[in-house]
Amino acid sequence: MDRHILGAKQFDRSGLESILSAARAMEQVARSGGSQLLAGKIMASLFFEPSTRTRFSFESAMTRLGGQVISTENASQFSSAIKGETLEDTIRVISSYADVIVMRHYEIGAAARAAHVSTVPILNAGDGAGEHPTQALLDLYTIEKELGSIDGISIAMVGDLTYGRTVHSLAYVLANFRDVTIWFTAPENTPIPQTVKEYLDEKGVRYYEESDLRQVAERVDVLYQTRVQKERFPSQEEYEKAAGRYIVDKELMDRMKRTSIVMHPLPRAGEITPECDADPRAAYFRQAENGVYVRMALLAQALGENQAKE
């Protein structure tokens, strides 16, 4: 595995299968009380954007493996960044304090900049509207656990597909699997970026753009709903064009196959109604839990450890 995790395109199928296998082992480790695999190691949690699930799941993962965590909840306000320090200088210093850095930043490409100067592995926990590769890996793990296989699935990616970094990364990793069909369902002002479509074309992946969610919901194995991210829109007017356009409710789920699942990277903001939570096909909270196991595997691999060395 590459020393850093910067984007989903860096993975091939063999690498993905290795991570999924490691995550399965780590799930058993977590359920049996954790381990001391990373005892003596320190993870720096450096988030320039707010986060709950990603930051806590990484910190939980490190703790379950016996490691320690140093963190700041909002690095853009509570670090030297507010004094004008460059990202590169921040990383140079923090990489001397920790063995691995998990970073979220508001700028596309920030993780690559950090990796260029860091002396320790950088794990990209989201770079603006760019990518969120570790989310894509836990999404793969969830699909495999829920459906039994990733090959041959059909998936609808719904909502804000322009600024939704999770769907960009998920589309990239799915390109490594066979006979996958992707449906992109988005408001007119937040379509899937052309760069993502070009990558899928290059890899020979079938995809369709379809605005009718009800029609798509009947066909797919996975309905991957996303939040319309108000904070990323250039204006309130543009946000309002997209907000509330696609809602997953009981009526929509009644149209779906009995074997399909609904996923969401969370947080949700009204795009999946609470009445759906009791449906066994609602996988989004199980998906969030899976993040801990996948990130345990990623931390262990980034630090050159494996379960056998315990």
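The values are calculated or read from the model by the stated rules, or taken from the named source; none is laboratory data. This is a predicted model, so every value here is computed, not measured. Quick reminder, even Gly has a Cβ in these numbers, built from the backbone with ideal geometry, and neighbours come from all protein chains shown.
Restricting attention to region 285-310, the residues that are without any contact (Cβ under 8 Å) to a residue 40 or more places away in the chain and either aromatic (Phe, Trp, Tyr) or crowded, with 20+ Cβ neighbours inside 10 Å (or both) add up to 1. Residue 138 falls short on exactly one of the conditions (1) under 26 Å from residue 195 (Cα atoms); (2) surrounded by fewer than 15 Cβ atoms within 10 Å (Cβ to Cβ), and that condition is (2).
In region 48-76, of all residues being part of a helix (DSSP H, G or I) and charged (D, E, K, R), the one that is farthest from residue 300 (Cα to Cα) corresponds to 53. In region 100-128, the residue that is farthest from the chain's Cα centre (by Cα) out of those that are part of a loop (DSSP other than H, G, I, E, B) and within 23 Å of residue 16 (Cα to Cα) is 120.
Listed here are the residues, each with its yes/no results for (1) within 30 Å of residue 67 (Cβ to Cβ); (2) among the hydroxyl-bearing types (Ser, Thr, Tyr); (3) surrounded by fewer than 23 Cβ atoms within 10 Å (Cβ to Cβ); (4) modelled with pLDDT of 95 or more.
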{"residue": "106", "(1), (2), (3), (4)": "yes, yes, yes, no"}
{"residue": "119", "(1), (2), (3), (4)": "yes, yes, yes, yes"}
{"residue": "124", "(1), (2), (3), (4)": "yes, no, no, yes"}
{"residue": "175", "(1), (2), (3), (4)": "no, no, yes, yes"}
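Of everything listed in (1) aliphatic (A, V, I, L, M); (2) in contact with a helix residue (DSSP H, G or I) (Cβ under 9 Å, 6 or more places away or on another chain); (3) at pLDDT 95 or above; (4) farther than 17 Å from residue 132 by Cβ, the single unmet condition for residue 292 is (4). The C-beta contact set for region 195-213 (first residue of a type outside the set (Val, Ile, Thr) and at pLDDT below 95, second residue surrounded by fewer than 14 Cβ atoms within 10 Å (Cβ to Cβ) and not in a helix (DSSP H, G or I), distance under 8 angstrom, 6+ apart or interchain) comprises 211/188.
Yes/no matrix, rows are residues, columns are (1) at pLDDT below 95; (2) of a type outside the set (Lys, Arg):
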position: 3; (1), (2): yes, no
position: 26; (1), (2): no, yes
position: 32; (1), (2): no, yes
position: 40; (1), (2): no, yes
position: 48; (1), (2): yes, yes
position: 52; (1), (2): yes, yes
position: 83; (1), (2): yes, no
position: 95; (1), (2): no, yes
position: 100; (1), (2): no, yes
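For region 263-278, a residue qualifies if it is over 20 Å from residue 50 (Cα atoms) and exposed (fewer than 15 other Cβ atoms within 10 Å of the Cβ), and the qualifying residues are 274, 275, 277, 278. Taking the criterion of being under 23 Å from residue 283 (Cα atoms) and modelled with pLDDT under 95, the residues of region 216-241 that qualify are 226, 227, 228, 229. Would you confirm, using the coordinates I've provided, whether residue 45 is assigned by TED's automatic domain parsing to the domain that holds residue 119, closer than 13 Å to residue 296 by Cα and either touching a residue at least 12 places away in the same chain (Cβ under 8 Å) or buried (at least 18 other Cβ atoms within 10 Å of the Cβ) (or both)? No.
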